[in-house]
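J.: First, the structure itself, so that you have it in front of you.
Rule-based calculations on the coordinates, nothing more; no lab input. All values reported here derive from a predicted model rather than from experimental measurement. We place every Cβ from the backbone using ideal geometry, glycine too, and count neighbours over all the protein chains shown.
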Amino acid sequence: MTDDRSGRSVGRRALLGGIAGLTTASALGLATATTAAAATAQSRLGTGGYRVPTTLRTGYSAYGSGYVGTHSGEYAFTYNDGFYPICNAWADSYHSILRWQTANTVGVWFIGLIGVTGGSGGSNHVAGNAMDITAIYHTDGNFVDCNYSHHGYAGVTHNRRYAALAWSARKHMPEVGIVGTDPRHTNHIHAGRYKNGSASLLLSHYGASWDAWLMQYTCKAFMGAPIALDGNWGNQTESYYLQLMSRLGYAGRNPFGSTAHLQDLAHTLTAYGVIGAAI
Ligand SMILES: [Zn+2]
């Protein structure tokens with residue numbers, strides 16, 4: 001069980017050294033929602049017989065040229081009751097795409113989060129409508145770590161897996177913040193139920209946008225495009241975006257105007273990314 005690039009061991013025992021101390025939601029006192037919104041504490045995501053544990057990132061450990069998160073044993077987070085099914089759908093998507101791309105041999109082992117409900121102001125988090133994803137581990141030991149996998153030194157396979165994680169979330173949620181969108185998003189991917197109050201999944205690129213960051217990072221990771229990562233969808237980004245769509249056989253499709261087209265694009269990018277494939 002080694003990572004395919006660094007060869008360093010990421011053994012189950014080392015990663016989940018604290019799993020013997022599995023803590024239940026009730027023991028943590030998390031079963032009671034702390035916000036006015038209807039909310040439920042859950043420690044697993046996904047449906048259909050492959051629900052996988054969520055864990056809490058508790059710190060970091062040196063890995064390769066950087067640091068990856070260390071995660072607790074199974075840990076419950078409190079979700080808005082309307083958001084939880086969306087999170088389940090996200091986990092289902094990621095898991096089923098990974099299974100498909102690995103001839104049914106590899107699935108999701110566990111998901112790392114740093115939080116769901118909390119904070120103040122206008123954030124989706126206040127009512128439990130956003131999740132901050134720190135990592136996703138596959139049953140073969142491969143992983144995406146949101147404090148590591150987006151860096152150049154992590155290598156292109158990690159970069160593509162990081163993009164896959166983001167697109168799997170983007171298939172189901174409109175507000176996905178990757179590295180660059182916010183100084184805090186160097187260590188997690190934010191995935192929210194609403195964007196500027198809207199649940200529309202359509203791609204958007206007005207002014208500086210999180211979708212522009214995601215598309216720019218995607219073109220760089222999958223096509224090696226020497227693109228500026230600045231969150232502004234200008235002529236250069238448009239050109240590489242059209243090239244990406246063409247390579248995927250999606251020329252003429254419009255993820256800005258069709259939710260089906262957006263979800264197809266997100267699904268396909270996830271499929272390439274989970275196995276580190278180029279486009
Ligand atoms: Zn967040």
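J.: Just to be sure I understand the filter: pairs with C-beta atoms under 7 Å, separated by 6 or more residues or on different chains, first member in region 114-141 and among the aromatic types (Phe, Trp, Tyr), second member in a loop (DSSP other than H, G, I, E, B) and more than 9 Å from the ligand (Cβ to nearest atom). Which pairs pass?
T.: none
J.: Follow-up question, since we're still on this one. Before we move on, is Ala278 of a type in the set (Gly, Ala, Ser), in contact (Cβ under 8 Å) with a residue 24 or more places away in the chain and buried (at least 19 other Cβ atoms within 10 Å of the Cβ)?
T.: On the way: of a type in the set (Gly, Ala, Ser): yes; in contact (Cβ under 8 Å) with a residue 24 or more places away in the chain: yes; buried (at least 19 other Cβ atoms within 10 Å of the Cβ): no.
Here the answer is no, as Ala278 does not meet what is asked.
Yes/no matrix, rows are residues, columns are (1) surrounded by fewer than 15 Cβ atoms within 10 Å (Cβ to Cβ); (2) in contact with a Ser or Thr (Cβ under 6 Å, 6 or more places away or on another chain); (3) farther than 23 Å from Gly69 by Cα:
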| site | (1), (2), (3) |
| --- | --- |
| His158 | no, yes, no |
| Val176 | no, no, no |
| Arg184 | yes, no, no |
| His205 | no, no, yes |
| Tyr217 | no, no, no |
| Met223 | no, no, yes |
| Ile227 | no, no, yes |
| Tyr241 | no, no, yes |
| Thr259 | yes, no, yes |
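J.: Could you list, ordered by first residue, the pairs with Cβ atoms under 7 Å in which the first is in region 165-192 and closer than 11 Å to Trp213 by Cβ and touching a residue at least 40 places away in the same chain (Cβ under 8 Å) and the second is within 13 Å of the ligand (Cβ to nearest atom) and among the aromatic types (Phe, Trp, Tyr), at least 6 apart or interchain?
T.: Thr181/Trp210
J.: Would you tally the residues in region 175-209 being out of contact with any Asp or Glu (no Cβ under 9 Å at 6 or more places or on another chain) and closer than 15 Å to Tyr84 by Cα?
T.: Number of matching residues: 1.
J.: Can you tell me which residues in region 66-99 are within 23 Å of Ile275 (Cβ to Cβ) and more than 18 Å from the chain's Cα centre (by Cα)?
T.: Gly66
J.: Return the residues of region 112-138 that are within 19 Å of Thr186 (Cβ to Cβ) and under 14 Å from the mean Cα position of the chain (by Cα); say none if nothing qualifies.
T.: Residues satisfying the conditions are Gly112, Leu113, Ile114, Gly115, Ala130, Met131, Asp132, Ile133, Thr134, Ala135, Ile136.
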